[in-house]
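Novice: Dropping a structure here in C-alpha cells format, bear with me for questions.
FYI, it's all coordinate maths here, none of it is from the lab. This one's a predicted model, so the numbers in the text were calculated from it and none came from an experiment. Cβ: placed from backbone, ideal geometry, glycine included. Neighbour counts: every protein chain shown.
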Amino acid sequence: MPVSLQLLHQLPLLRPLPGEVLETLSAGMSLRAFARRAMVLSKDNPTPYLGFLVEGRLQGVDFTVDGRSVGLYFVDPGDYFGELSVVDGLPPSEFVVAAAKSTVALLEAKTARELISAHPALASTVMSKLAQRVRLVTAQRTLLGLPNPFQRLCGLILQLPQSQAGGQAAVDNAPTHQEMAIMINASRETVTRAFQVLFLNKLLVREGNMLKLLRSDALRDIAEGRVEPPKA
C-alpha cells in the first residue's frame with residue numbers, strides 16, 4: 001500500500017522537506033502492518049529500510065546470555081527507527097518488536113541514505129537522534145546494573161519522557177507492566193507488586209494511561225540506593 005502525502009506531513013522527520021521530494025517519497029514508500037509481538041526489525045540481517053511508526057508502539061530489545069529479553073527503548077507514533085543501519089549499512093545492534101498492533105511506513109535504505117546526504121538539516125536531525133539513542137541505551141544498560149528490581153523500576157520511571165500535569169511531573173501514555181518488566185529484566189508480577197507499593201506510599205498516582213510522579217525525589221533516592229524501598 002502506498003503512503004499518502006497527508007501521512008508524510010505527519011512525520012516530523014520528513015515534514016520539512018520540499019513538496020516535490022515528499023511526492024517522490026510518497027510514490028516509493030509502502031505501509032506494512034505488524035501483529036503484537038511480531039518482529040519488525042532483526043539484528044540478524046541488514047536493515048533494508050528506514051521505518052516510521054504510523055500507529056501502535058514498538059520496543060527495541062536485546063537478549064541476555066541466558067535468553068531473557070531486555071527492553072532498551074520505545075518507538076512511539078511519528079518516530080522512526082533503523083537509522084543506524086541506514087547510515088553504516090551494517091545489521092542493527094538490537095531487535096525491534098511490536099509492543100502493540102502497529103502500522104509502519106517503510107522507506108528503502110538506499111533512498112533514505114541519499115535523502116540524508118542531500119539535505120543537511122535532515123542529516124543533523126538524524127545525527128542528533130542517533131546521539132540521543134546511544135545515550136538512552138547507555139542509561140538503560142546502567143539501569144540494569146542496579147541490584148534489585150524495585151530500584152530498577154524507580155530508575156526507569158525517572159528515565160521515561162515527562163510532561164507537566166497540574167504542577168506535577170507526569171509520564172503520558174505510560175508503558176504497560178509487561179513492557180516495563182522487559183526493560184528492567186524482571187517479571188510482570190514483580191513490577192505490578194512494586195507499583196502497588198509505590199501507589200500505597202503515595203510516590204505515584206495513576207490517572208488512566210498517565211503516571212503522576214508525586215515524589216520524584218523519593219523515587220531517585222530509591223533508585224540510587226540512598227534509601228530502602230518502602231514496604232507494603
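Novice: Nearest 500 deg cm²/dmol is fine: what mean residue ellipticity at 222 nm does the chain get from its DSSP H runs of n ≥ 4 alone, each adding -39,500 (n - 2.57), divided by its residue count? Write out the running numbers ahead of the final one.
Specialist: On the way: 9 runs with 94 residues, N = 232.
Mean residue ellipticity at 222 nm (helix-derived): -12000 deg cm²/dmol.
Novice: Continuing with the same structure: Relative contact order (percent) for the stretch 149-223, with alpha-carbon contacts under 8 angstrom and 6 or more residues of separation? Spell out each step's value before the answer.
Specialist: Details: 99 pairs, mean separation 30.3, N = 75.
It comes to 40 percent, rounded to a whole number.
Novice: Averaged across orientations, what area in nm² does the convex hull of the alpha carbons in the stretch 88-224 project? Spell out each step's value before the answer.
Specialist: Working: hull surface 41.9 nm².
About 10.5 nm², averaged over all directions.
Novice: While we're on this one: How large is the Kirkwood hydrodynamic radius of the chain, in angstrom, based on all distinct alpha carbon pairs? List each step's numbers first, then the result.
Specialist: Values: mean 1/r = 0.0526 Å⁻¹.
Averaging 1/r across every pair of different Cα atoms and inverting gives 19.0 Å.
Novice: Report the relative contact order of the chain, percent, no decimals, based on alpha-carbon pairs under 8 angstrom and at least 6 residues apart.
Specialist: Averaging sequence separation for qualifying contacts and normalising by length gives 18 percent for the chain.
Novice: Sticking with this one: Which parts of the stretch 51-83 would a label at Thr111 reach, counting a residue when its backbone N lies under 13 Å from a point 7 Å out along Cα-to-Cβ?
Specialist: In the stretch 51-83, the label zone of Thr111 (backbone N under 13 Å from the point 7 Å along Cα→Cβ) covers 51-52.
Novice: Provide the gained length on full extension for the span Gln168 to Ser93, in nm with one decimal, where the gain is 0.36 nm per separating residue minus the Cα-Cα distance. If you can, show how the numbers build up before the last one.
Specialist: Numbers: separation 75, 0.36 × 75 = 27.00 nm, distance 3.59 nm.
Here the segment from Gln168 to Ser93 would lengthen by 23.4 nm.
Novice: Taking just the alpha-carbon atoms of the stretch 149-223, what radius of gyration and Dmax come out, in angstrom?
Specialist: In order Rg, Dmax, the Cα atoms of the stretch 149-223 give 11.1, 32 Å.
Novice: Could you rank the peptides 18-25, 44-51 by their average count of other C-beta atoms within 10 Å per residue, with the highest value first?
Specialist: On the way: 18-25: 13.4, 44-51: 17.4.
Final packing ranking: 44-51, 18-25.
Novice: Which FRET efficiency value, to the nearest 0.05, is calculated for Thr142 and Arg215 with the Förster distance at 30 angstrom and r the Cβ-Cβ distance? It would help to have the intermediate numbers written out before the result.
Specialist: Numbers: r = 22 Å, r/R0 = 0.74.
Result of the calculation: an efficiency of 0.85.
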